Amino acid sequence: MSSHSETLLDWRARITKKQQQRASFPPAWLIDAPPEHVLNVQDVPYTCALLTARDIEITDTTDIDVLLAKLAGRQWSSVEVTTAFYKRAIVAQQLTNCLTEIFIDRALQRAQEVDDYLKATGTVMGPLHGLPISLKDQFAIKGLETTMGYASWIGKVADSDSVLTQILYECGAVPFVRTNVCQTLSWGETFNHVFGRTTNPWNRYLTAGGSSGGEGALVAMKGSPIGVGTDIGGSVRIPSAFCGLYTLRSSYERLPYCGAVNAQEGQESISSVPGPMTNSVSGLKAFMKAVIDSKPWEKDPLVVRKEWSEKEYQLSEHGEGSKLCFAVMWDNGLLKPHPPLWRAMRLCKKALEAAGHTVIDWEPLNMMEIFKNAESIYNADAGHDFREVCKESGEPVIQTMSPETNKHELALDEPLVRTVLGPEQKMLTAWELWQLHKEKRALRKAQLDHWQATANRTGTGRPVDAIISPAAPYVAPPHGLNNDYFYTTFCNAMDYATSVLPVTFVDEELDRPAQPHEFYNHHDKANYELYDPKLFHGAPVGVQLIGRTQEEEAVIAMTEILDNALKACKAAEGK
């Protein structure tokens, strides 16, 4: 047998062993999963007979402040809460394939320590006392493997916690599972050779997004109160929009990344950043404030020394929040969004105006230039990093997210980036990369001036307070068809603090296909042809709220304002 054949057998054998290890949860937690043709599986936790009424009560408590209060008040123990979320997470795993590392005994031992601390001292261990938290399969936990979807990393056990993991422990949290990613972290979907494909619990024919798609599916099934993902081009916002969640893309180096594994390590032109994913806007503030109050700059040298600002959260630079001006980016001039996204943005505009705020149109600037610059930076090594890691085990680099069977008939052609950069990009020299850095600085300056100039149109005397836009030109598409990431990458390139929040669901009666428009390019035409109201019916529809760099506190506050305005409108309409 050739050495190449032995290598291929080796990586497949390692994968089989790893999958068997992952499946070692209590047999009593196995459920009778519905067949694959049952697409929406959100009701299964209520019907599978695994979760008790108390488990359902705990895991259905989406307001993180309420959960933390009950834990602090000893109404619920951390062991009880962790067990409930663990059971629901295992249900989510059996339905969507969202988990990678399952360490029940270790997590419950940690939960017991937290309970014992509260009982002995009468005080909580920290601001996240007793709260189970799931982590994307990048954040190292001492003694556990962090494979990140690479066969070659199976067996590599972390000898220390990542800084964020360490801080979560110090805050009293209970890390309890890790979640699936895409191979290379560079797809807006979630599939790798080690753990397979993660599906969307609202419709398993549709993608959960990526690369934090495991978190998206898990949190959407309420299998975790807060999940932590990462975002370099939309990787917390895309799955959150596709799965009906709240999230926050933090600015460069506002949160600690030290000790986490990554693809293309050393690439700092556009930084990957951590971000929370949750079912309530309260979870964004609870997580961000807890981590920032821990002074992460004392553990990670790259973290900006910026304390949590209650003044900024009170919107001191945004008219104290009494009368804001939002701008809507109806489309970015590259791909026009599908009808459900337009309806969601109209709902946002209506809700904000009803709450006394002003809404104007955002005029996109230099979008193709920003897109090309960012993608050139991402591809500066021409895929060398991905190939080298895969070469270690012999596994192939994944070339498409399309499933081998039951794939959708209408592919979106090649991704827009391939049209812009060409089918193959050469590895750039250091000097060529420096020119891209120089160009990016100029683009950021032009965008800053453009934003500042909106003060002439807002009526508040200030520039636009935030921009509302789609996170993608579609809701969750069928597997293999999420080929455009620029609605989100725009924010990474400009380093804008950005949230995503759910607005509505696709309604095949309300969201009829639009009339053909003058297409921006052939990808825009393909995107138009993809829309099928019956296919997407019932899928979550979310939007982005885009603020300025290092403005996380204000973005959270404005997200709360928009979220409350939407809920008030729905209540007024009796919905």
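Throughout, read-outs are computed from the coordinates displayed, never taken from laboratory work. On a predicted model such as this, the values are computed, not experimentally measured, just so you know. With ideal geometry, Cβ positions are generated from the backbone for all residues, glycine too; neighbour counts draw on all protein chains shown.
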Check your understanding: Could you give every pair whose Cβ atoms fall below 9 Å, whose first residue belongs to segment 437-458 and is over 16 Å from I270 (Cα atoms), and whose second residue is of a type in the set (K, R) and surrounded by 13 or more Cβ atoms within 10 Å (Cβ to Cβ), counting only separations of at least 6 or pairs across chains?
Key -> L448/R548; W451/R548; T454/R462; A455/R462
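Yes or no, residue by residue, for (1) closer than 23 Å to F326 by Cα; (2) in a helix (DSSP H, G or I); (3) touching an Asp or Glu at 6+ places or on another chain (Cβ under 9 Å):
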{"residue": "E509", "(1), (2), (3)": "no, no, no"}
{"residue": "R512", "(1), (2), (3)": "no, no, no"}
{"residue": "Y520", "(1), (2), (3)": "no, no, yes"}
{"residue": "K534", "(1), (2), (3)": "no, yes, yes"}
{"residue": "G538", "(1), (2), (3)": "no, no, yes"}
{"residue": "G542", "(1), (2), (3)": "yes, no, no"}
{"residue": "Q550", "(1), (2), (3)": "yes, no, yes"}
{"residue": "V555", "(1), (2), (3)": "yes, yes, no"}
{"residue": "M558", "(1), (2), (3)": "yes, yes, yes"}
Revision key, fill the gap. Within segment 459-473, the residues that are touching a residue at least 60 places away in the same chain (Cβ under 8 Å) and more than 15 Å from the chain's Cα centre (by Cα) are G459, T460, R462, V464, D465, A466, I467, I468, S469, P473
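Just need a number here: residues in segment 94-112 that are in contact with a strand residue (DSSP E or B) (Cβ under 9 Å, 6 or more places away or on another chain) and without any contact (Cβ under 8 Å) to a residue 60 or more places away in the chain. Break it down into steps so the answer makes sense when it comes.
Our first condition is that a residue be in contact with a strand residue (DSSP E or B) (Cβ under 9 Å, 6 or more places away or on another chain); within segment 94-112, this holds for 95-104, 106-108, 110-111.
The next check asks that each one be without any contact (Cβ under 8 Å) to a residue 60 or more places away in the chain; those that pass are 106, 108.
Looking only at that region, the number is 2.
Condition first: part of a loop (DSSP other than H, G, I, E, B) and either among the acidic types (D, E) or at positive phi (or both). Now tell me which residues in segment 379-412 satisfy that. If you could, list the steps in order and put the result at the bottom.
Start the filter on segment 379-412 by keeping residues that are part of a loop (DSSP other than H, G, I, E, B), which leaves 379-383, 394-412.
Passing the criteria: D381, A382, G383, G394, E395, E404, N406, E409.
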Review point. Restricting the first residue to segment 61-83 and requiring it to be touching a residue at least 60 places away in the same chain (Cβ under 8 Å), which pairs with a second residue that is among the aromatic types (F, W, Y) and in a helix (DSSP H, G or I) meet a Cβ separation below 9 Å and a spacing of at least six or different chains?
Key: I64/F287
Study note, to complete from the structure: Considering residues that are within 23 Å of G149 (Cα to Cα) and among the aliphatic types (A, V, I, L, M), the number found within segment 245-275 is 5
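Which count do you get for residues in segment 189-216 that are within 13 Å of T100 (Cα to Cα) and of a type in the set (G, A, S)?
Selection size over segment 189-216: 4.
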Check your understanding: What residue, of A514, A476, is crowded, with 24+ Cβ neighbours inside 10 Å, in contact (Cβ under 8 Å) with a residue 40 or more places away in the chain, closer than 28 Å to L245 by Cα and not charged (D, E, K, R)?
Key -> A476
Review point. If a residue has to be in contact with a helix residue (DSSP H, G or I) (Cβ under 7 Å, 6 or more places away or on another chain), of a type in the set (D, E, K, R) and under 19 Å from A290 (Cβ atoms) to count, how many in segment 237-275 make the cut?
Key: 2
Practice item. Evaluate the following for T123: is it more than 17 Å from A208 (Cβ to Cβ) and of a type in the set (S, T, Y)? Key: yes
Practice item. Please determine, by comparing only the residues of segment 71-109 that are surrounded by 21 or more Cβ atoms within 10 Å (Cβ to Cβ) and of a type in the set (K, R), which one is farthest from P26 (Cα to Cα). Key: R88
Practice item. Name, by its number, the condition in (1) farther than 20 Å from L218 by Cβ; (2) of a type in the set (V, I, T); (3) in contact with a Cys (Cβ under 9 Å, 6 or more places away or on another chain) that does not hold for I154. Key: (3)
